[in-house]
Amino acid sequence: MTSQFKKFIESLASPKGPGPSTTFSMFHISYAIWLMAKKPIGRSKLAEKLSVGEGAIRTIINRLRAAGLITISKEGCALTDKGLSVWKNFEAVFPKRVEIGKTALTTSEYNYAFLVKNRGHKVKSGIEQRDAAIMSGARRAIVIVFKNGRLIIDSVSNSIEKEFPEAANEILKGVEPEDNDVIVIAGADNPLKAKRGAFAASWVLVGDNQKP
C-alpha cells in the first residue's frame, strides 16, 4: 500500500471546506468498503454497523460515490470495479482481521487483531501504535512482530510461544504471519471499539518505506 493510496483514503475522511469537522474517520471509510466487499448493504444497516448517525452515513456514501468507489441501487450500496481495486489494496496489507479470545495477553472483553504485512521494521517500541489504538477508543493494545519464527513483543517477551503458550496458540490460529509481519491486537469493552483500535494502530504502520 503506497502513501498515495493512504492519502486517498484519508482525503475521503477529511473535512471539506469550512464548517464542522467530520464525525467519521479513515476507519469508517475503510470499514464501509469492507462491508460492501461482502455484499450490497443498505444505508440504515451500514449506519448501524459503523455506529454513526444519519448525517455522517449520508456524507460517507456521497464521498464514496463521488470517488467512483460505489454504486447505489435498490439492493443497497455496492462496490464498483474501482472500489474492488481499493479493497484489494487494503487486503494486500491487512490480509487477516480476526477476533481473538481472552488470554494472559488479551485480557479485554473484546479483542481484535490485524495482521499487517511486512512492516515489522517500522515497529520501534510499539508505543506509537498503542497510542493510536487508545485514541480510537481501545482500552489497550499489544504490538507483536513475527521475526525468525518467533512472536516478539518489545520489552515484554522475546518468544511468546515459550512464555505465553496458550496466548500464542490463540493468536496464531487466527493469523498466519510470515517474517517481518506485525500483529496488532486491540482490546475494548465492545467489538467495534476493538476493531477500530486495531485498525488505527495498524494504519500508523502504512507507508512507502516497505522493506524489500
Apart from one, (1) modelled with pLDDT of 90 or more; (2) within 25 Å of V206 (Cβ to Cβ) all hold for E48; the odd one out is (2)
Could you please give the count of residues in segment 174-199 that are at pLDDT below 95 and in a helix (DSSP H, G or I)? 1
Residues (polar (S, T, N, Q) and either closer than 17 Å to T107 by Cα or surrounded by fewer than 18 Cβ atoms within 10 Å (Cβ to Cβ) (or both)) located in segment 134-163: N148, S155, S157, N158, S159
Would you mind telling me which numbered condition in (1) under 16 Å from I29 (Cβ atoms); (2) in contact with a strand residue (DSSP E or B) (Cβ under 9 Å, 6 or more places away or on another chain) N89 fails? (2)
Answer yes or no as to whether S202 is of a type in the set (S, T, Y) and surrounded by 14 or more Cβ atoms within 10 Å (Cβ to Cβ). yes
Which residue pairs have Cβ atoms under 6 Å apart, sit 6 or more places apart or on different chains, and have a first residue in segment 33-46 that is in contact (Cβ under 8 Å) with a residue 12 or more places away in the chain and a second that is exposed (fewer than 13 other Cβ atoms within 10 Å of the Cβ)? P40/E75
Given the condition loosely packed, with under 15 Cβ neighbours inside 10 Å and either under 16 Å from the mean Cα position of the chain (by Cα) or acidic (D, E) (or both), answer yes or no: does some residue in segment 54-69 qualify? yes
Close pairs from segment 149-177: first free of Cβ contacts under 8 Å to residues at least 24 places away in the same chain, partner part of a helix (DSSP H, G or I) and among the charged types (D, E, K, R), Cβ under 8 Å, at least 6 apart: R150/E161; S157/E163; A168/E161
Among the candidates D131, D81, single out the residue that is of a type in the set (D, E) and either closer than 16 Å to S202 by Cβ or crowded, with 16+ Cβ neighbours inside 10 Å (or both). D131
Cβ pairs under 8 Å, 6+ apart or interchain, first in segment 94-110 and under 16 Å from A201 (Cβ atoms), second assigned to a loop (DSSP other than H, G, I, E, B) and among the hydroxyl-bearing types (S, T, Y), ordered by first then second residue, are I100/T106
Would you check if there is a residue in segment 26-33 being among the hydroxyl-bearing types (S, T, Y), outside any strand (DSSP E or B), surrounded by 18 or more Cβ atoms within 10 Å (Cβ to Cβ) and outside the structural domain of P165 (by TED's automatic domain parsing)? yes
So is E48 exposed (fewer than 13 other Cβ atoms within 10 Å of the Cβ), in contact with a helix residue (DSSP H, G or I) (Cβ under 8 Å, 6 or more places away or on another chain) and either under 23 Å from K193 (Cα atoms) or assigned by TED's automatic domain parsing to the domain that holds S11 (or both) or not? no
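The values are calculated or read from the model by the stated rules, or taken from the named source; none is laboratory data. Note that the structure is predicted; figures quoted are calculated from it, not measured. Here the Cβ is made from the backbone with ideal geometry for all residues, glycine too, and neighbour counts use every protein chain on show.
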